[in-house]
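Derivation of every value follows stated rules applied to the coordinates shown; laboratory data play no part. From a predicted model like this one, the values you see are computed outputs, not experimental measurements. Heads up, the Cβs are rebuilt from the backbone with ideal geometry, glycines too, and the neighbour counts pull from every protein chain shown.
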Amino acid sequence: MIEFSKKILFVGYGAVAECTLPILFNLIKVDPKNVTVIDFESKEEKLSQWTSKGVRYVRDRVTQDNMAPMLGRYLSAGDILIDLAWNIDACEILQWCHDHGVLYVNTSVEVWDPYAGGRKRPTERTLYWRHMKVRAMYAKWKEKGATAVVEHGANPGLISHFTKQGLIDIASAMIAEKKAKGRKAESLAGHVAAGSFNHVARELGVKVIHCSERDTQITDVPKQIDEFVNTWSIEGFREEGTTTSELGWGTHEKKLPAFAYRHKSGPKNQICFARMGINTWVRSWVPNYSIVGMVVRHGEAFTISDKLTVWEGKRPVYRPTVHYAYCPCDEAVVSLNELRGYNYQLQPKLRIMNDEITKGADILGALIMGHPFKSWWVGSDLTIEESRRLVPHQNATTMQVAISVVAATMWMIENPAEGIKVPDELPHDYVLGISKPYLGNFISTRSDWTPLRDYKNAFSGFNRPDFDTRDPWQFKNFLVKDGD
Ligand SMILES: NC(=O)c1ccc[n+]([C@@H]2O[C@H](COP(=O)([O-])OP(=O)(O)OC[C@H]3O[C@@H](n4cnc5c(N)ncnc54)[C@H](O)[C@@H]3O)[C@@H](O)[C@H]2O)c1
């Protein structure tokens, strides 16, 4: 168990933080008196088992105006800030932590008011845009400074480590089964040993990577009218789901889809749509069935596609298409449908399910496609029973996020002066070593799935589905469109 003798501040004590705190005390030896939690909602009851041990609870809200003095009250150099709130501007809080030598971890890159600004180009609404701002700020710093790990939850977060594990597993199987021989096998093994995952992906012929998720957790307390029910932050989901859909755009793609926009500066590894993520549906797969999921924008689409790009000078010669394909729990699917009917005005009642879940699992992994095995899925199949065994009263979705936050925190304690890091820049074996005991069934499996494998045209001859039957890995084959 690693020890930490300085202070830890949690901002936000919602679904993820509730699950993170007990795991943190399990894996890091820290005096509860050194831990403070800030949340503007009443959390006395939820925190009572921890405040009785010495954890301090402060009911307050971090705002643009009070952020610096408030953080300064609880934190100084060498301390840790765990940001599990929503809509705190990432650049401002990162700058504050940098200036004060405070270690920092969050699970998404946010801004003070994501709904402000009226009519904007879709590109300006993107996570890509936010990442470019973080990069520009970081580039001005004279030294790296205290470590800050951004976007280290389940996805973004663990999914980057699943992807690396998957690339290694595919390469190993290729070599063991003599699908890669001689020089090709040597080259693959060399790239794996060097950790050059972009070259591994290119040599394997990987074209597309989905973060594919199916949440099968169900309840006997169904969603009521005017209620949004989910297994994690409803505010967070609404924010990312009702804005532009975004994806890492592969070099194999032949045609830009309708409503797509490109960026004009930076690595230009992403495109975005003038269409909401929750209304952009794709075919995908989890072990062992097909799903349709939503291309909700997420940090992993940016960082994984960026890190897996192979550049020749300023030209990207290889990059896979990378995006989320999210099929949430049934209650959330129904909640979204009601939200659409209400023209995206959030329902007045919000509920994150915990004890009322009766069964199910969160099945979350990297679906890596286009190589000689066709598809390969690596990730976590965590049941509600197992997550309750690990931490009572928590659900499988928040467990996958919480263990990742704790793993990143442990890495920061051991590596305190690394500056800003995205998940792809942390060692995957370190993070997975800590996380696996909390991920239930850890799966790494091949599949002959392609987006066209199970497709049946119900109106064959009477509609004109726009597919590329010569290359199954074109984005248009995944996208659910009119006439399919
Ligand atoms: N990367 C991932 O895998 C992943 C997964 C789930 C959630 N998340 C993100 O993690 C964050 C937390 O998620 P959650 O499910 O716990 O959300 P939640 O809505 O359950 O909890 C957030 C809590 O933060 C508090 N809060 C919000 N803004 C605050 C502020 N300015 N000052 C003080 N308290 C504040 C709220 O009152 C709430 O209790 C969200 O940003 C969400 O998008 C990331």
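May I ask you to derive the relative contact order of the range 2-149, considering only C-alpha pairs under 8 Å and at least 6 residues apart, and to give it as an integer percent?
23
Can you run phi through the Karplus equation (6.51, -1.76, 1.60; θ = phi - 60°) for the range 218-227 and list ³J(HN,Hα) in whole Hz, with x for Gly and Pro?
So the Karplus estimates, Gly and Pro as x, are 10, 9, 9, 10, x, 4, 8, 4, 6, 10 Hz.
Would you please state the base-10 log of I(q)/I(0) at q = 0.05, 0.07, 0.10 1/Å for the chain, with intensities from the Debye formula using one equal scatterer on every alpha carbon?
Listed by q, the Debye log ratios stand at -0.18, -0.35, -0.74.
So how do H210, H100, H393 line up by other beta-carbon neighbours within 10 Å, fewest first?
The fewest-first ordering by Cβ neighbours comes to H393, H100, H210.
Before rounding to the nearest 500, sum -39500 (n - 2.57) across all DSSP H runs of length at least 4 in the chain and divide by the residue total; then give [θ] at 222 nm in deg cm²/dmol.
-10000 deg cm²/dmol
What percent do you get for the relative contact order of the chain when only Cα pairs under 8 Å and 6+ apart count?
For the chain, the relative contact order is 19 percent.
Quick query: amide H of N87 versus all other amide H atoms, modeled in the peptide plane; which residues come in under 5 Å with a sequence gap of 5 or more or a different chain?
V111
Rounded, prolate or oblate: which fits the range 158-281 when a ≥ b ≥ c are the square roots of the eigenvalues of the alpha-carbon gyration tensor, with rounded for a/c under 1.5 and prolate only if a/b beats b/c?
oblate
Angle check, please: helix 396-414 long axis (alpha carbons) against the longest principal axis of the chain (alpha carbons), in degrees 0 to 90, nearest 10.
Approximately 70 degrees, to the nearest 10.
Can you sort C91, C211 so the residue with the fewest Cβ neighbours within 10 Å comes first?
So the ranking, lowest neighbour count to highest, is C91, C211.
Which loop chymotrypsin sites (Phe, Trp or Tyr not before Pro) in the range 382-450, with loop taken from DSSP, have no more than 12 other Cβ atoms within 10 angstrom of their Cβ?
When the chymotrypsin sites (Phe, Trp or Tyr not before Pro) of the range 382-450 are filtered for loop state and at most 12 Cβ neighbours within 10 Å, nothing remains.
Please report the spacing between the Cα centers of the range 63-130 and the range 422-484 in Å, no decimals.
The range 63-130 and the range 422-484 have Cα centres separated by 32 Å.
Order by neighbour count: F162, F475, F25, fewest other Cβ atoms within 10 Å first, most last.
F25, F475, F162
Please list the non-local residues whose amide H lies under 5 Å from the amide H of K207, H modeled 1.01 Å from N, same-chain partners needing a gap of 5 or more.
HN-HN under 5 Å from K207: M369, G370, H371.
Return the sequence-ordered ³J(HN,Hα) values of the range 199-206 in whole Hz as given by the Karplus equation 6.51 cos²θ - 1.76 cosθ + 1.60 applied to θ = phi - 60°, using x for Gly and Pro.
6, 4, 4, 5, 5, 6, x, 5
Within the range 96-192, report the GluC sites (Glu not before Pro) that DSSP leaves as loop and that have at most 11 other Cβ atoms within 10 Å.
Sparse-neighbourhood loop GluC sites (Glu not before Pro): E143, E177.
Counting other C-beta atoms within 10 Å, and keeping those with at most 11, which DSSP coil GluC sites (Glu not before Pro) do you find in the range 1-51?
When the GluC sites (Glu not before Pro) of the range 1-51 are filtered for loop state and at most 11 Cβ neighbours within 10 Å, E41 remain.
In Å, what is the Rg of the alpha-carbon atoms in the range 375-474, and how long is Dmax?
For the range 375-474, the Cα-based Rg and Dmax read 20.2, 62 Å.
Quick one: which residues, 5+ away or cross-chain, put their amide H under 5 Å from the amide H of Y57? H built at 1.01 Å from N.
Here V37 satisfy the definition.
So what are the ³J(HN,Hα) numbers for the range 252-260, from phi and the Karplus equation (6.51, -1.76, 1.60; θ = phi - 60°), rounded to whole Hz, Gly and Pro as x?
Coupling constants for the range 252-260: 7, 5, 8, 9, 5, x, 4, 6, 8 Hz.
Run through the DSSP bridge list for the chain and note the antiparallel percent, rounded to the nearest 5.
55
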